[in-house]
1. Please give the contour-minus-distance gain from K69 to S57: 0.36 nm per residue of separation, less the Cα-Cα distance, rounded to one decimal in nm.
2. With 10 angstrom as the radius, rank F299, F222 by how many other C-beta atoms surround their C-beta, starting from the fewest.
3. With θ set to phi - 60° and the Karplus curve 6.51 cos²θ - 1.76 cosθ + 1.60, what are the ³J(HN,Hα) couplings of the stretch 262-268 in order, to the nearest whole Hz, using x for Gly and Pro?
4. Sort D137, D234 by Cβ crowding within 10 Å, fewest neighbours at the top.
5. Could you tell me the distance between the Cα centroids of the stretch 297-373 and the stretch 124-140, to the nearest Å?
6. Could you state the number of Å between the C-alpha centres of the stretch 96-123 and the stretch 151-180?
7. How large is ³J(HN,Hα), in whole Hz, for each residue of the stretch 304-318 in order, when computed from phi with the Karplus curve 6.51 cos²θ - 1.76 cosθ + 1.60 and θ = phi - 60°, using x for Gly and Pro?
8. What number comes out for the charge environment of I54, summing +1 per Lys or Arg and -1 per Asp or Glu over other residues with Cβ under 15 Å away?
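Every number in this text was worked out from the coordinates using simple rules, so none of it is lab data. Computed from a predicted structure; not experimentally measured. Cβ coordinates were reconstructed from backbone atoms using ideal geometry, including for glycine residues, and neighbour counts include every protein chain displayed.
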Amino acid sequence: MTIDLVETRRIGLGSAPDWLVVANTVVEPTLVVVILARDEALLIDRTIKGLQRILPSWGEVHVVADHCKDATASLARRAGAVVHIRSDRELPGKGPALSWWLEKTHRQANARDIVVVLDADSQVAPDFFLRMRSHLDQGAVAVQARLEPRLCSSSPVTRLAAFSEIAEHRVNDTLRSRLGWPVRLRGTGMAFRRGVLGQLAGSLHTLVEDAELSILLAAEGFPITFAPETYVVDPKPADESGAVRQRARWLKGQGQVLRSYPAQILRLLTKGPAGWSLLSSIFLKPKTLLVPIKAAALFAALMAHTLWGGPIWIGLTLLGGVSLLMDLGVYLFSLRYVSDKKETMKALALAPLYLALWLKSLALSVVSGNSWLRARPRAPLSPMAEAPTRPIRFVRGMEVGALVAVREVERVIGQGP
């Protein structure tokens with residue numbers, strides 16, 4: 001019999017809540033990897049088998065087959081996962097699916113269990129599970145691993161998305177962590193104490209469960225700990241069609257979050273720079289367009305100062321200049337983590353054109369209704385459409401293959417949910 005009390009580091013709050021502390025005796029926690037999958041027969045078998053090679057003996061993989069029309073459930077079960085089939089036509093999205101899974105499995109769980117949420121295409125570092133548990137054992141209740149982008153094509157859109165992710169994790173989230181500020185959750189590579197997740201996830205209903213959980217956790221005083229020493233490979237959409245659908249889902253979900261949680265967002269605004277930083281990382285997108293927008297605003301302030309003068313325009317010019325220099329510094333520093341700097345710089349030069357993609361995404365988010373917007377194909381790619389795979393060194397220390405199959409991906413993705 002052991003005594004194991006859980007320390008929680010809540011912002012501005014005192015002792016750990018009663019539901020998290022188990023006195024006198026504690027059942028050894030179980031590690032549960034949850035994959036929320038919708039028509040992922042193309043990937044699920046490989047993902048589960050890859051996880052099981054490094055999963056500790058006290059862990060298991062659960063797959064929520066969420067309104068699947070393909071063989072996701074049978075393939076996941078054959079690969080050794082515990083499969084839960086959700087087909088009740090309730091709200092779409094990973095957030096409602098996660099809430100459903102927590103309710104379905106709560107009787108055989110305990111508050112100290114570790115829940116790791118991964119995507120159906122996730123590949124994790126060999127030390128991922130041990131590193132995440134180490135943070136939780138030290139008192140964290142929510143942990144986000146670093147995401148390492150994987151290029152699935154050499155298009156500027158893919159490179160911009162990957163570079164933006166590198167800048168956010170390698171620089172911005174690292175700085176937030178060193179300042180003791182929370183980072184945002186990213187949808188994959190997330191680990192929680194089940195007690196905390198169960199307390200907050202019951203109300204999940206938007207298309208962006210990562211943003212929703214980030215706001216709920218921070219507003220309740222639970223910090224989100226960054227784990228930069230381990231990573232999850234995060235494949236980027238292979239083409240513009242997938243990128244448009246993914247961003248449309250983000251935009252629709254962000255609107256849902258803004259409408260659903262005004263009180264929590266206001267609470268974060270009152271927390272000062274830590275809260276402002278978290279909100280900016282969630283809502284200020286796309287990052288790669290902020291620099292040209294700030295540059296245009298700075299130019300406008302300079303022109304206004306030249307024409308009319310006055311301290312207001314001087315102040316706005318200085319503020320805009322400092323903000324622009326900080327952004328440029330972040331991007332220049334982030335280039336050290338990119339091996340193909342020349343191609344990345346070319347993609348950055350095209351960042352203003354990236355606006356067209358986001359405008360398409362905005363339009364799609366308005367007209368798509370309740371449809372689930374997929375960023376990945378739902379059926380195997382045709383061999384005739386596949387180009388030869390060649391290695392691309394993009395992130396330092398990681399060599400990945402790039403698959404160029406744009407027309408076939410567009411065809412499959414274009415089939416809709």
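1. Details: separation 12, 0.36 × 12 = 4.32 nm, distance 3.20 nm.
Value of the extension gain: 1.1 nm.
2. On the way: F299 12, F222 24.
Listed from fewest to most nearby Cβ atoms, that is F299, F222.
3. x, 5, 5, 5, 4, 4, 5
4. Details: D137 13, D234 22.
Going from sparsest to densest Cβ surroundings: D137, D234.
5. Using only Cα atoms, the two centres lie 35 Å from each other.
6. Centre-to-centre distance over Cα atoms comes out at 27 Å.
7. 5, 5, 5, 7, 10, x, x, x, 4, 5, 4, x, 5, 5, 5
8. Working: positive: R46, K49, R53, R131, R133; negative: E60, D127.
Overall, the nearby charge balance is +3.
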